[in-house]
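Structure record follows, encoded as C-alpha cells.
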Amino acid sequence: MLEHSITAKIAGFVATIRENGFAVGIDESADALRIAETIGITTHTALREAWRGLLCARADEWHRFDDLFDSYWRKPNRQKRVESRASGGGAIEQDNAAGAEGGKAGPTLQHGAGDAGDAGASTASEGACAAAALETADFRTLTAPDQTRAIDAVIRNFARRLARLKTRRDHADKSGRRLDLRRTLRRSIGAGGTPSRLHFTAPRRIRPRLILLLDVSRSMSLYSFFYLRVARALAAELSDIHVFLYHTHLTHISGALSDPDPWRAQERLAMLSAGWAGGTRIGDCLAAFNRQQAARLVHSRTAIIIASDGYDTGEAGLLGRELRALAARARRIVWINPLKAVPGYAPTARGMAEALPHLDVFASGHDLASLDAALTALMAAL
Amino acid sequence: MDSAAAIATLQQNLRAAGYVAERSLAVTMLMMESIGRPLLVEGDPGVGKTEIAKALARVKNTRLIRLQCYEGLDTYNALYEWNYQRQLLAIKRAESAGPAALGDDELFCETYLLKRPLLEALTQPVAPVLLIDEIDRADAAFEAFLLELLSDYQISIPELGTITATTIPLVILTSNGTRDLSDALRRRCLYHFLDYPSFEKELAILRARLPQTPARLAGQIIEFAQSLRRYDLKKKPGIAETLDWTAALLGLGLSALDEAGPEQIRDSLATLLKTRDDILAIDNATIARLVAAAG
C-alpha cells in the first residue's frame with residue numbers, strides 16, 4: 001500500500017491530466033495507483049511509460065504527455081504549479097508562446113478578395129479584426145414570413161432527401177430485397193421447420209447529425225441573418241441539429257433558435273448575441289468547439305457546416321490544426337463562403353488557405369440557389 | 001516483483017520472436033496482463049501495428065485470433081452465426097428417418113454453431129491473443145458493442161444461453177485513423193502510438209527479419225529509407241516496405257547500394273513508393289543523392 005501523501009499526489013496528477021483535456025475517469029485513477037504499486041514509484045522512467053500507455057488515448061495526447069509529466073513531477077515546476085493548487089487542477093498552457101505573441105500583436109488586416117458583390121458591401125470587405133464588438137443585433141426580422149418562406153421550401157426538400165440516406169447495415173423489411181435466412185429459419189420453427197414464409201432485409205436508413213457553425217463577425221454581416229434563417233428552418237425540420245454562432249467566441253444557440261415562440265426566440269438570441277458583428281477568431285472558436293463540444297456532439301455520422309469568409313485574426317496555423325482534428329472526428333465538413341461567388345475570387349485569405357485541405361465540400365452558398373447546390377453536394381458526399 | 005527485469009525479459013522474448021519493441025511498448029504489454037485492459041495501437045500504415053499481436057502470440061505461445069473490421073461488419077460476422085444449411089439438412093434427414101428423431105436442443109447445439117472470431121476468442125482453453133484489426137473501419141455501433149464485450153467478456157446467444165469467457169484473451173486493437181474512435185473506447189483501452197522507427201531500431205528489425213543481408217547493404221538501405229521519409233511523400237514507406245525492398249535488392253544479388261545504377265534502384269523502388277506522384281517526385285538525381293548520402 002502506498003503512503004497517503006503519495007496517493008494524493010498521484011490523484012492530483014491524474015486530475016491535472018484530466019484538466020488538460022485527456023479522457024480519463026475514476027477507473028484510470030485506480031489503475032494508475034495499481035501500476036505505481038507494481039512498478040514502484042522510484043523507477044520514474046518505467047512509471048512514465050506505463051502511465052503514458054494508460055492515460056493517453058490519442059496521438060496528440062501521446063506527444064503532450066511528457067511535458068505534462070515533467071511539469072508535474074519535476075522539481076522546479078512542481079513548486080510553481082502544484083503548491084498553489086491542492087488538487088493539481090487547472091489546465092497548463094501548451095508551449096505555443098511564439099504563436100500567442102502573433103495573436104496579441106493586434107489585428108492583421110487581410111485584404112485579398114474583392115468586394116462581396118453588393119452595393120452596401122463596405123462592411124463585408126474590411127477583413128477581420130480581433131476586437132470584440134459590444135453591440136447586439138436586431139433580431140426582429142428573423143421570423144418575418146416573406147423572408148422565410150422560400151428558405152423553408154428549400155430546407156424541407158433537403159430534409160426529405162436526408163431522410164432517404166442508407167447505410168450498409170440491414171434491418172428487417174417486408175419489401176426488402178435480401179433474403180434474411182436467419183429470421184426465415186427462426187420463424188419456421190412454428191411451422192415444423194418448413195420455411196413457408198420468407199423474410200427479407202433492406203439497408204437501414206440513417207439520419208446524420210448536422211452541426212452548423214455560423215460566423216457572425218462584421219465581415220460576414222451581410223449574410224449573418226440569411227444563414228440564421230436557414231439554421232432556424234433546418235432546426236424546425238430536423239431533430240438532430242446543433243447550431244453555434246461564433247465571432248471572437250463560440251455560443252450554442254440551438255435552444256434559442258428552436259424556441260416555438262418567435263418573440264421569445266428573438267429575446268433569447270439578443271441576449272446570446274453579445275459580440276455580434278465584431279472580430280473573428282475562427283481558429284480559437286474551433287479549438288473551443290473541439291475541446292468542449294466535439295467529444296459529446298461529433299460522431300462518425302456527423303456533417304459539419306461552417307459558414308464563414310475565412311478572415312481570421314487568430315494565431316497562424318491554429319485554424320488548420322483544429323480543422324484537421326475536427327475532420328478526423330466528423331464524417332464530412334462543408335465550408336460555405338459567400339465570397340466564393342465573386343468573380344475572380346481565390347481562397348488567399350490565410351484562414352481559408354489553411355482550411356482548404358481539410359474540407360470535403362467548399363461552396364459559395366451566398367444565395368438560396370447556391371445554398372441548395374451546396375446542400376446537394378453535401379448529400380452526395382454523405 | 002522486479003519490474004525492470006520483467007520488462008527486459010519481455011523485450012528479449014519479443015526480439016527472439018522477430019519483433020523489436022521499445023521499452024515503452026514492453027511496459028504497456030506487461031500492463032495489459034496485470035490490469036486486464038485491451039491495448040489500442042495507432043500509427044501510420046506499415047509501422048508494424050499488426051505485427052505486435054503476432055509477436056505477442058508467438059511469445060505467449062498461444063493462438064492468434066484475428067478479426068478484420070470493415071464497414072458494415074455486424075455481429076453475425078464478428079460473433080457467431082447458425083449454420084443454416086447444415087440445420088436444414090439435419091431437419092430433412094430427420095424427416096425421412098421418422099417422427100421425433102430430432103429435438104430442438106439437438107438443432108441448436110454447438111455442432112451447428114459457426115464461431116466467428118470474437119466467440120472463438122472467448123472459448124479457448126488457453127488465453128489467446130485477439131487482434132481486432134483496423135477498428136476504425138467498422139462503424140460506431142459495432143464499436144459500442146465491442147466496448148460492452150471487452151468489459152464483461154461474455155456473450156449471450158438466445159438459443160444457447162450466456163457464454164462466459166473461459167479465459168480472458170489479450171486484446172489488441174489497431175487503428176489507422178480513417179475515423180476517430182469514440183472517447184469511451186479509447187478510455188477503456190491502454191494506448192500506444194507507434195511512430196516510424198529510429199535508425200537503430202529499423203536496423204535491428206532488418207537484422208532480425210532478414211539476417212542474410214550484408215551489414216553494409218543493411219545500413220545503406222535503412223539510411224536511404226529514413227531520408228526518403230523526410231521527403232514530402234503521399235505515402236511514406238513503412239517498415240514492411242523497407243523489408244520488401246531489401247528482399248528485392250537481395251534478389252538482384254547486390255551487396256551494396258552504390259554497386260547498382262540509379263536505374264536499377266529505380267526499378268526496385270516499386271516496393272518502396274506506392275503512388276504515381278511519389279515515383280515522379282523521386283527522380284534519378286534524387287536517387288543518386290540519397291545513395292551517396294547513404295554511404
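Just so you know, all these numbers are worked out from the coordinates, no wet-lab data involved. Note that the structure is a prediction, hence the values are computed from the model and not measured. FYI the Cβ positions are ideal-geometry reconstructions off the backbone, even for glycines, and counts take in every protein chain you see.
At R0 = 56 Å, how high is the FRET efficiency between B:C109 and B:D44 if r is their beta carbon distance? Nearest 0.05 is fine.
0.75
Looking at the range B:204-263, which chymotrypsin sites (Phe, Trp or Tyr not before Pro) are DSSP coil and have at most 15 other C-beta atoms within 10 Å of their C-beta?
Answer in residue order: B:Y231.
For the protein assembly as shown, report the translational diffusion coefficient in µm²/s to the nearest whole number, using Stokes-Einstein at 20 °C, 1.002 mPa s, and a Kirkwood Rh over Cα pairs.
D = 73 µm²/s.
Please report Rg over Rh for the range B:38-82, where both radii come from the alpha carbon positions and Rh follows the Kirkwood definition.
1.04
Going by alpha carbons, how many degrees (0 to 90, nearest 10) lie between the helix axis of B:215-229 and the longest principal axis of chain B?
Taking Cα atoms only, the helix is inclined about 80 degrees.
Step through the table entries B:K201/B:K236; B:K54/B:K274; B:K54/B:K201, compare each Cα-Cα distance with 21 Å, and write down the pairs that go over it.
Correct reply: B:K54/B:K274.
Counting C-alpha atoms alone, how compact is the range A:4-82: give Rg to one decimal and Dmax as a whole number, in angstrom.
Gyration radius and largest Cα-Cα distance of the range A:4-82: 11.6, 33 Å.
What whole number of Å gives the distance from the Cα centroid of the range A:245-308 to the Cα centroid of the range B:20-95?
So the separation of the two Cα centres works out to 42 Å.
Can you tell me the 0 to 90 degree angle between the C-alpha axis of helix B:199-209 and the longest principal axis of chain B, rounded to 10?
Here the helix axis deviates by roughly 60 degrees.
Would you calculate the separation in nanometres between label points at B:T9 and B:Y84, each defined as 7 Å from the Cα along the Cα-to-beta-carbon direction?
5.1 nm
Among A:W73, A:W276, which comes first, second and so on when ranked by fewest other beta-carbon atoms within 10 Å?
A:W73, A:W276
Can you work out the FRET efficiency for the pair B:R276 and B:S227, with r the C-beta to C-beta distance and R0 = 30 Å, to the nearest 0.05?
0.90
Can you divide the C-alpha Rg of the range A:267-341 by 2.2 N^0.38 Å and report the result to two decimal places?
Output field value: 1.18.
List the pairs from A:K340/B:K234; A:K174/B:K115; B:K49/B:K235 whose alpha-carbon separation is above 26 Å, in the order I gave them.
Over 26 Å apart, Cα to Cα: A:K340/B:K234; A:K174/B:K115.
Computed FRET efficiency, Cβ-Cβ of A:H249 and B:E33, R0 35 Å: what is it to the nearest 0.05?
Efficiency, from the Cβ-Cβ distance: 0.15.
Please report, in whole Å³, the volume per residue of the convex hull around the C-alpha atoms of chain B.
Roughly 176 Å³ of hull volume per residue.
When every alpha-carbon pair in the range B:199-294 is counted, what percent end up more than 21 Å apart?
In whole percent, the share of Cα-Cα pairs in the range B:199-294 beyond 21 Å is 22.
What angle, in degrees between 0 and 90 and rounded to the nearest 10, separates the Cα long axis of helix B:284-294 from the longest principal axis of the Cα atoms of chain B?
90 degrees
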